[in-house]
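Could you have a look at this structure, given as structure tokens, before my questions?
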Amino acid sequence: MTGAELIVFFNEFGCSDKYTRSGLPNNWSRREYTDHRLKELNGSPEFKKLIEALIDSRKVEAPDSISLKIAELIKHDGYLLKKNELEIYKVEGTQPEDPISIEAHFEEIKENIINSIENARFTIWIAVAWFTDKDIGNALWRKHKAGVNVRVVVNDDENTNKYGLKFNTQGELPQNTSQQVS
């Protein structure tokens, strides 16, 4: 695919990139862009749809030979590629290795949050009213740099503007300093 075609393709699965005169985001090559987006989508419901789109017989020639190559690659992440009764390839797998449990914490809350972040392997999605804790922000930054899909949603309001962390900052957040979003 061309760079513009890659943007259109990945945007079908939740990305929101734009192809500009300078090319792909971050001046990535097509391979770098594709690798980054695949890592970001791995473990998400959109990833399965993306894989299935790559071998959709309405869009590609020789889906059977393509499926063999893809099946070999994705098996290491716990996915299986199977043809259903309609001769359509479907992705199965990636069930959680451990049952998902929900625990309420009333003590050592910050330590529990950081521990959960440090143990995440694929995805961390957070939605909170305000985000002000630098230690938790730095733990998220480290996981992001390690390739984990990290997304944070916060209110766009006066409190966030005045006290919230800047998520567009490059590198770890400074300790023991106040930080304002402009």
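Quick one: what pairs do we get from segment 145-161, first residue within 11 Å of Thr123 (Cα to Cα) and in contact (Cβ under 8 Å) with a residue 24 or more places away in the chain, second charged (D, E, K, R) and open to solvent by 50 Å² or more (accessible area, probe 1.4 Å), C-beta under 6 Å, 6+ apart or different chains?
Gly147/Lys39
Conditions tested, residue by residue: (1) out of contact with any strand residue (DSSP E or B) (no Cβ under 7 Å at 6 or more places or on another chain); (2) surrounded by 12 or more Cβ atoms within 10 Å (Cβ to Cβ); (3) of a type in the set (A, V, I, L, M, F, W, C); (4) closer than 27 Å to Ile124 by Cα.
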| position | (1), (2), (3), (4) |
| --- | --- |
| Glu5 | yes, no, no, no |
| Gly14 | yes, yes, no, yes |
| Phe47 | yes, yes, yes, yes |
| Ser65 | yes, no, no, no |
| Leu81 | no, yes, yes, yes |
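Looking at (1) modelled with pLDDT under 85; (2) open to solvent by 80 Å² or more (accessible area, probe 1.4 Å); (3) closer than 30 Å to Ala53 by Cα, which is the one condition that is false for Gln180?
Every listed condition holds for Gln180 apart from (3).
What number of residues within segment 105-162 are in contact with an Asp or Glu (Cβ under 8 Å, 6 or more places away or on another chain) and small (Gly, Ala, Ser)?
1
Follow-up. Quick one: Tyr89 ticks every box in (1) open to solvent by less than 30 Å² (accessible area, probe 1.4 Å); (2) in contact (Cβ under 8 Å) with a residue 24 or more places away in the chain except a single one, so which number is it?
Here Tyr89 clears every test but (1).
Residues in segment 127-147: is at least one at pLDDT 90 or above, within 23 Å of Asn42 (Cβ to Cβ), open to solvent by 50 Å² or more (accessible area, probe 1.4 Å) and not small (Gly, Ala, Ser)?
yes
Sticking with this structure for a sec: From (1) farther than 16 Å from Asn149 by Cβ; (2) surrounded by 13 or more Cβ atoms within 10 Å (Cβ to Cβ), pick out the condition that doesn't hold for Lys69.
(2)
Also, I was wondering about something else. Among the residues of segment 16-37, is there at least one that is of a type in the set (Asp, Glu) and more than 24 Å from His144 (Cβ to Cβ)? If you could, list the steps in order and put the result at the bottom.
The initial filter retains those residues of segment 16-37 that are of a type in the set (Asp, Glu), namely 17, 32, 35.
Going one step further and asking which of them are more than 24 Å from His144 (Cβ to Cβ), we end up with none.
For segment 16-37, residues of a type in the set (Asp, Glu) and more than 24 Å from His144 (Cβ to Cβ): absent.
The values are calculated or read from the model by the stated rules, or taken from the named source; none is laboratory data. Note that the coordinates shown come from a computational prediction; the quantities given were computed from them, not determined experimentally. Using ideal geometry, Cβ is built from the backbone for each residue, glycine included, and neighbour counts are taken over all protein chains shown. Remember, those area values only see protein heavy atoms, side chains included, never the ligands or the DNA or RNA. Shrake-Rupley method; radii C 1.70, N 1.55, O 1.52, S 1.80 Å.
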